[in-house]
Amino acid sequence: MYSPPSLLYLSSELNSELQTESSMDFNLENPLTNTHELHFDTIPSLFLIESDHMPSKDYAKILKEMDFDQSFRREAISSVLRVSCNFDPSLSYLAVNYLDRFLSSQGIPQPKPWVFKLLALACVSLAAKMKEAEFYIADILGDGGFVFDTQTIQKMEVLILGALNWRMRSITPFSFISFFISLFKPNDPPSREALKARACEIIFRAQNDINLLEFRPSLTAASAVLYACHELFPMQFLCFRKAISNSSCVNKENLLQCYDAMQETAMDGYESQFDTVSSSDTPVNVLDRHFSSSESEITGGTAVTISTDGTGKIWAEKGLKRRKISAFL
């Protein structure tokens, strides 16, 4: 069991270490570099160490078997989302990553409402420090009726840091998404950006699904990109599927399992039929994009139209069949 250090050590070590980490311009898409641009020479390293940034192997199994543990996770994630609702969604995603890794390492704590809030506060605070977001604990201390002093929150932060072995530059599905999209043909920017936008949307939603916790981040990314391709560019799907499946970094059997598990998540609650992708942003950081949607009557099949509307935007029109796709048959 991890034993927290003294408060004197806490105040100095915590701040200095996290300042060092965040000073490298941490970005979910490129966690090992200080740039937002993809460096393919770092990709092999990401595949090698991605499992170090996952929950334990039996975490998903325990959640499925124990209703209480699953309920605790839901409540904790809800607290994270409430606390971080005014921030970029990538900050919430990072905080939930910390939450899952901590719970899988330390076990589910006592079922008291204040525990949800304290754990959520600490995870969001750590994620904000890594993302260099302007975050004031005092602004959200009263949320949910609980008030914690700074020392209490810092103690929880150190517990989390110790459980995670100070691995705060999390490797997530977003770290692999550009690599898999690079295998997509054709390689015109509007198509790739539309594909990336939809895949990111799927990944954000997939984090809540306990069935996907057992899969490596790279498999989650590959499955999300494949599903997005089937929706947006069905004519290119077979070639794209083959290119990903033939990658030496991907286990085809595991990819099939992950893809199958992801389909319900990708279809569930998907309402937007138009996503805008700016053609002027190069490169586009989809994690920072605010998707806009418009309702449209779609009839039959999966239709995709890419066109410009005179405002410099690229629109991807998607009609959905709410059925599972046997992608690997």
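The values are calculated or read from the model by the stated rules, or taken from the named source; none is laboratory data. Note that the structure is predicted; figures quoted are calculated from it, not measured. With ideal geometry, Cβ positions are generated from the backbone for all residues, glycine too; neighbour counts draw on all protein chains shown. Just so you know, the surface numbers come from the protein's heavy atoms only, side chains and all, with ligands and any DNA or RNA stripped out. Shrake-Rupley method; radii C 1.70, N 1.55, O 1.52, S 1.80 Å.
Table: residues versus (1) over 20 Å from the mean Cα position of the chain (by Cα); (2) of a type in the set (V, I, T); (3) part of a helix (DSSP H, G or I); (4) modelled with pLDDT of 90 or more.
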{"residue": "Q70", "(1), (2), (3), (4)": "no, no, yes, no"}
{"residue": "S92", "(1), (2), (3), (4)": "no, no, yes, yes"}
{"residue": "Y98", "(1), (2), (3), (4)": "no, no, yes, yes"}
{"residue": "S104", "(1), (2), (3), (4)": "no, no, yes, yes"}
{"residue": "P109", "(1), (2), (3), (4)": "yes, no, no, no"}
{"residue": "F116", "(1), (2), (3), (4)": "yes, no, yes, no"}
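Among the residues of the stretch 159-177, those identified as open to solvent by less than 10 Å² (accessible area, probe 1.4 Å) and among the hydrophobic types (A, V, I, L, M, F, W, C) are I160, L161, L164, M168, I171, F174, F176, I177. Quick one: which residue in T33, T42, T20 is at pLDDT below 80 and not in a helix (DSSP H, G or I)? Residue meeting the stated conditions: T33.
Considering (1) in contact (Cβ under 8 Å) with a residue 40 or more places away in the chain; (2) of a type in the set (A, V, I, L, M, F, W, C); (3) in a helix (DSSP H, G or I), say which one L195 fails and leave the rest. Just one mismatch for L195, condition (1). Remark: pairs (first residue in the stretch 175-191, in a helix (DSSP H, G or I); second residue among the β-branched types (V, I, T) and surrounded by fewer than 14 Cβ atoms within 10 Å (Cβ to Cβ); Cβ separation under 8 Å; 6+ apart in sequence or on different chains) = P189/T282. Sort out which residues of the stretch 213-229 are open to solvent by 10 Å² or more (accessible area, probe 1.4 Å) and hydrophobic (A, V, I, L, M, F, W, C), and write them in order of number. Those that are open to solvent by 10 Å² or more (accessible area, probe 1.4 Å) and hydrophobic (A, V, I, L, M, F, W, C): L213, F215, L219. For the stretch 67-90, filtered to residues that are aliphatic (A, V, I, L, M) and either free of Cβ contacts under 8 Å to residues at least 12 places away in the same chain or crowded, with 21+ Cβ neighbours inside 10 Å (or both), the residue that is farthest from L28 (Cα to Cα) is A76.
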